[in-house]
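A.B. asks: Quick one: structure below, then a few questions.
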Amino acid sequence: MEKWIDESLDAFVGKYRRTLEHVRGMICYTTGPDGRFDDRSGDDQIGWWTNGFWTGLLWQLWAASGDEAFHEEAIALEERFDRIFLDASALDHDNGFRWLPNAVVHYRQDGDKAALNRGILAAGQLAGRFNPTGGFIRAWNPWPGMTMEGFPDDKHIGWAIIDCMMNLPLLYWASGVTGDPRFKDIAMRHADKALASFIRPDGSAVHICVFDPSTGDLVKTLGGQGYAEGSSWTRGQGWALYGFTLSYLHTKEERYLEAARKVASYVLSQIPGSGLIPIDFRQPPEPAWEDSSASTIIACGLIELSKLVSGKESDDYMAAALKLLKTLHEERNDYTDAQDIIVTRSSEAYHRPAHETAIIYADYYYLEALLKLKDKALWVW
Ligand code: GLY
């Protein structure tokens with residue numbers, strides 16, 4: 001095992017031990033101009049889709065260190081999320097992101113009954129978003145009076161996004177704990193639709209597919225958070241790579257493994273020599289905006305996939321994951337207390353004003369990836 005991995009883990013956990021002292025009770029997403037974390041635990045922000053990554057980070061920090069302070073903090077925050085169950089505009093396709101690295105990991109670790117209840121409620125609501133005629137789980141929620149940035153008149157009833165592949169494990173888990181096959185069936189129908197509609201012949205993945213909600217016919221594809229229609233949003237490539245790998249792990253259906261391999265082969269062909277990942281593999285050379293969060297998600301997917309294949313293919317996936325992570329460790333991570341985030345330079349979307357900022361899921365997936373390399377990661381997905 002390479003020495004830098006242990007050094008990085010020590011520095012990562014050490015910094016979060018210090019950070020925890022000033023963020024107790026908070027749910028963090030990004031940082032302000034002073035470099036300090038924000039707090040999304042209030043009633044008006046608790047539904048934010050990334051909030052589960054904060055509790056997930058605390059759970060993985062506990063796995064990394066055995067420090068009960070992280071364990072206790074994750075559990076203390078879990079109840080805050082219950083308010084989302086009363087807010088139909090907040091509940092959406094991202095229930096997996098909200099509750100898998102949160103109540104579900106709590107149930108898996110401690111057998112907690114309230115946590116089990118939360119996970120099943122979240123899975124039921126996610127299953128309810130499935131369009132049975134169209135064969136997809138609907139993304140997002142523009143309710144009357146709400147508009148979606150850039151798409152003011154479209155209610156998004158037929159929209160599905162590649163990110164949703166990462167939410168399917170909530171449904172696989174729910175079938176496992178309840179014995180009810182419907183959750184898994186819905187997950188597989190969505191995965192099959194995604195395989196047919198989102199994965200291009202070259203192995204790249206579309207961000208948004210717009211389906212006719214009455215028939216399931218593909219109407220158009222959109223560039224979404226990437227550069228443009230027909231482009232290749234890097235975080236979306238990561239969601240596809242890791243997401244299909246997870247669907248294979250939960251179902252053992254070869255077609256999902258083949259999909260993951262196809263995306264991985266494409267991603268490997270696109271990783272720049274610098275090891276730093278842009279927002280979109282097809283963005284113009286300038287500005288050379290980066291998205292470190294994409295690196296961390298791609299690395300997690302490649303590490304899991306490397307265990308499912310053999311020989312040179314497996315070695316190539318692992319080598320690429322190590323390169324991405326080591327590059328972040330050496331060139332992008334900030335282990336000092338000058339700012340709260342560790343993995344710097346993540347970008348929400350190509351066309352949003354903020355680029356190369358702090359985003360909590362980059363820290364989450366970086367830690368998950370390092371712990372996978374040490375065989376110490378909690379199983380979240
Ligand atoms: N929409 C989820 C993401 O930004 O990756």
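The values are calculated or read from the model by the stated rules, or taken from the named source; none is laboratory data. All values reported here derive from a predicted model rather than from experimental measurement. Glycine gets a Cβ as well: all are built from the backbone with ideal geometry, and neighbour counts include every protein chain shown.
A.B. asks: Working carefully through the options D67, D112, find the one that is at pLDDT 95 or above, surrounded by fewer than 22 Cβ atoms within 10 Å (Cβ to Cβ) and in contact with a helix residue (DSSP H, G or I) (Cβ under 6 Å, 6 or more places away or on another chain).
C.D. replies: That would be D112, the only listed residue that is at pLDDT 95 or above, surrounded by fewer than 22 Cβ atoms within 10 Å (Cβ to Cβ) and in contact with a helix residue (DSSP H, G or I) (Cβ under 6 Å, 6 or more places away or on another chain).
A.B. asks: Can you name the residue in the range 291-312 that is among the aliphatic types (A, V, I, L, M) and farther than 18 Å from P272 by Cβ and is also farthest from the ligand (Cβ to nearest atom) among such residues?
C.D. replies: V309
A.B. asks: Looking only at the range 328-339, decide whether some residue is outside any helix (DSSP H, G or I), within 16 Å of the ligand (Cβ to nearest atom), closer than 22 Å to D38 by Cβ and aliphatic (A, V, I, L, M).
C.D. replies: No.
A.B. asks: Exactly one condition in (1) in contact (Cβ under 8 Å) with a residue 12 or more places away in the chain; (2) surrounded by fewer than 18 Cβ atoms within 10 Å (Cβ to Cβ); (3) part of a loop (DSSP other than H, G, I, E, B) is false for G203; which is it?
C.D. replies: Only one criterion in (1) in contact (Cβ under 8 Å) with a residue 12 or more places away in the chain; (2) surrounded by fewer than 18 Cβ atoms within 10 Å (Cβ to Cβ); (3) part of a loop (DSSP other than H, G, I, E, B) is unmet by G203, namely (2).
A.B. asks: Working only within the range 8-44, note down all residues that are free of Cβ contacts under 8 Å to residues at least 60 places away in the same chain and either within 16 Å of the ligand (Cβ to nearest atom) or among the aliphatic types (A, V, I, L, M) (or both).
C.D. replies: V13, L20, M26, I27, R40
A.B. asks: Of L308, L328, L324, which residue is among the aliphatic types (A, V, I, L, M), modelled with pLDDT of 95 or more and more than 24 Å from Y256 (Cβ to Cβ)?
C.D. replies: Going through L308, L328, L324 in turn, the sole match is L328.
A.B. asks: Additional query: If I filter the range 272-287 for residues that are within 22 Å of I5 (Cβ to Cβ) and in contact with a strand residue (DSSP E or B) (Cβ under 6 Å, 6 or more places away or on another chain), do I get at least one hit?
C.D. replies: Among the residues of the range 272-287, at least one is within 22 Å of I5 (Cβ to Cβ) and in contact with a strand residue (DSSP E or B) (Cβ under 6 Å, 6 or more places away or on another chain), which makes the answer yes.
A.B. asks: Among the candidates E348, E368, single out the residue that is touching a residue at least 60 places away in the same chain (Cβ under 8 Å), within 16 Å of the ligand (Cβ to nearest atom), under 20 Å from G243 (Cβ atoms) and outside any helix (DSSP H, G or I).
C.D. replies: Exactly one of E348, E368 is touching a residue at least 60 places away in the same chain (Cβ under 8 Å), within 16 Å of the ligand (Cβ to nearest atom), under 20 Å from G243 (Cβ atoms) and outside any helix (DSSP H, G or I), namely E348.
A.B. asks: Output yes when any residue across the range 18-34 is of a type in the set (D, E, K, R) and within 18 Å of T357 (Cβ to Cβ), and no when none is.
C.D. replies: Scanning the range 18-34, I find at least one residue that is of a type in the set (D, E, K, R) and within 18 Å of T357 (Cβ to Cβ), so the answer is yes.
A.B. asks: Any idea which of G47, G56, G96 is within 16 Å of the ligand (Cβ to nearest atom) and closer than 21 Å to V13 by Cα?
C.D. replies: Just one listed residue meets the conditions, G56.
A.B. asks: I'm told S269 meets every condition in (1) touching an Asp or Glu at 6+ places or on another chain (Cβ under 8 Å); (2) closer than 25 Å to E331 by Cα; (3) more than 14 Å from the ligand (Cβ to nearest atom); (4) assigned to a helix (DSSP H, G or I) except one. Can you identify the failing condition by its number?
C.D. replies: Here S269 meets the rest and fails (1).
A.B. asks: Something else: Select from the range 206-241 the residues that are in contact (Cβ under 8 Å) with a residue 40 or more places away in the chain, surrounded by fewer than 24 Cβ atoms within 10 Å (Cβ to Cβ) and not in a loop (DSSP other than H, G, I, E, B) and write down the one among them that is farthest from the ligand (Cβ to nearest atom).
C.D. replies: V219
A.B. asks: Can you find a residue in the range 294-313 that is basic (K, R) and part of a helix (DSSP H, G or I)?
C.D. replies: Scanning the range 294-313 turns up at least one residue that is basic (K, R) and part of a helix (DSSP H, G or I).
A.B. asks: Right, something else. Criterion first (touching a residue at least 40 places away in the same chain (Cβ under 8 Å), closer than 24 Å to V177 by Cα and either part of a loop (DSSP other than H, G, I, E, B) or within 16 Å of the ligand (Cβ to nearest atom) (or both)) does L116 satisfy it?
C.D. replies: The answer is no for L116.
A.B. asks: Could you please let me know if A319 is assigned to a helix (DSSP H, G or I) and surrounded by fewer than 18 Cβ atoms within 10 Å (Cβ to Cβ)?
C.D. replies: Here the answer is yes, as A319 does meet what is asked.
A.B. asks: Considering L222, L218, L195, which residue is more than 29 Å from N117 (Cα to Cα), touching a His at 6+ places or on another chain (Cβ under 8 Å) and not aromatic (F, W, Y)?
C.D. replies: L222
A.B. asks: Same structure, new question: Would you confirm whether any residue within the range 61-77 is under 17 Å from I341 (Cα atoms), free of Cβ contacts under 8 Å to residues at least 40 places away in the same chain and of a type in the set (D, E, K, R)?
C.D. replies: No, every residue in the range 61-77 fails to be under 17 Å from I341 (Cα atoms), free of Cβ contacts under 8 Å to residues at least 40 places away in the same chain and of a type in the set (D, E, K, R).
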